[in-house]
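Worksheet: the structure to be examined is printed underneath.
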Amino acid sequence: EVAFKVLAERDDVQKVVWVNADGESGLPYDITLFLNDDLAQKVFVEVKTTSQRPQFGHTHMNACHISLEELNFALVKGNSYWVCRVLGALSEDVKIVVFKDLASRLLRSQAQLLVDLPFESL
C-alpha cells in the first residue's frame, strides 16, 4: 500500500491501477502506472517488500525474489517494467527505491541474478 501511495504522488503519473488491491492477480506486476497527460505511456511495477530496515553499506538489502514469469515480462517490456523495493515495511523508517528497466540493468551488469538451489545429497 505504501508503494502505491508513493508512486501515485509522482509528478509524471496521471493514473495508478493497483491490480493486486483485492488479492494476488497472478500477473507479473502489482501496479500499472499511466504516465503523461494523454495516458499513452504504461509502466508495469512489481513491488518487492521486506520488513528489514535499510542499513548503510548493506547492498544485499535490494536482493529480492524474481520469478521466471516476472523476468520474462521484464525482458519483453524493457523500460516499461520497474521493480519497487520497499524496505522497513511496518516500521516508521520505510524506504522505497525504484529500479527502472530491470532488463537493461541485467544486460549492462548493473544488476545480477542469483539462483537459490535446494541442497541435494548424492
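Treating only the Cβ atoms of Lys and Arg (+1) and Asp and Glu (-1) as charged, compute the dipole magnitude of the chain about its Cα centre; round to the nearest 20 debye.
Numbers: 12 positive and 17 negative charges, 79 e Å.
That gives the chain a dipole magnitude of about 380 debye.
Where both partners of a DSSP beta bridge lie in the chain, what percent of those bridges are antiparallel, to the nearest 5? Walk me through the numbers on the way to the answer.
Details: 16 of 22 bridges.
Of all bridge pairs located within the chain, approximately 75 percent are antiparallel.
Label-point separation (nm) for Leu117 and Ala63, each offset 7 Å from Cα along Cα-to-Cβ?
1.6 nm
On a 0 to 90° scale, report how tilted helix 68-77 is relative to the longest principal axis of the chain, with both axes built from alpha carbons and the result rounded to the nearest 10.
Roughly 40 degrees, rounded to the nearest 10.
How large a share of the accessible area of the chain, in percent, is made up of carbon and sulfur atoms when the probe is 1.4 Å and the other protein chains stay in place? List each step's numbers first, then the result.
Details: 4290 of 8340 Å².
That fraction is 51 percent.
Provide the gained length on full extension for the span Leu107 to Val17, in nm with one decimal, where the gain is 0.36 nm per separating residue minus the Cα-Cα distance.
Numbers: separation 90, 0.36 × 90 = 32.40 nm, distance 2.89 nm.
The Leu107-Val17 span can extend by a further 29.5 nm.
Convert 20 °C to kelvin, take the viscosity as 1.002 mPa s, use the Kirkwood radius over C-alpha pairs of the range 58-122 as Rh, and evaluate the Stokes-Einstein diffusion coefficient in µm²/s, rounded to a whole number. Mind showing how you got there, number by number?
Numbers: Rh = 13.5 Å.
It comes out at roughly 158 µm²/s.
Could you provide, to the nearest whole Å², the per residue accessible area of the chain with probe 1.4 Å?
On the way: 8340 Å² over 122 residues.
Using a 1.4 Å probe on heavy atoms only, each residue of the chain averages 68 Å².
Mind pulling up the Rg/Rh value for the chain? Radius of gyration and Kirkwood radius, both on Cα.
On the way: Rg = 15.4 Å, Rh = 15.6 Å.
Value, to two decimals: 0.99.
At 222 nm, what helix-only mean residue ellipticity would the chain give, in deg cm²/dmol to the nearest 500, using -39500 (n - 2.57) for each DSSP H run of four or more? Intermediate values should be presented prior to the final figure.
Working: 3 runs with 23 residues, N = 122.
Here the helix-only value at 222 nm equals -5000 deg cm²/dmol.
Each label point is 7 Å from the Cα along the Cα-to-Cβ direction; what then is the distance between the points at Asn36 and Val94, in nm?
With each label point 7 Å from Cα toward Cβ, the separation is 3.0 nm.
The values are calculated or read from the model by the stated rules, or taken from the named source; none is laboratory data. None of the values given here were measured: they were computed from a predicted structure. All Cβ positions, even for glycine, are placed from backbone atoms using ideal geometry, and neighbour counts span all protein chains on display. We work out accessible area using only protein heavy atoms, side chains counted, and drop any ligands, DNA or RNA first. Shrake-Rupley method; radii C 1.70, N 1.55, O 1.52, S 1.80 Å.
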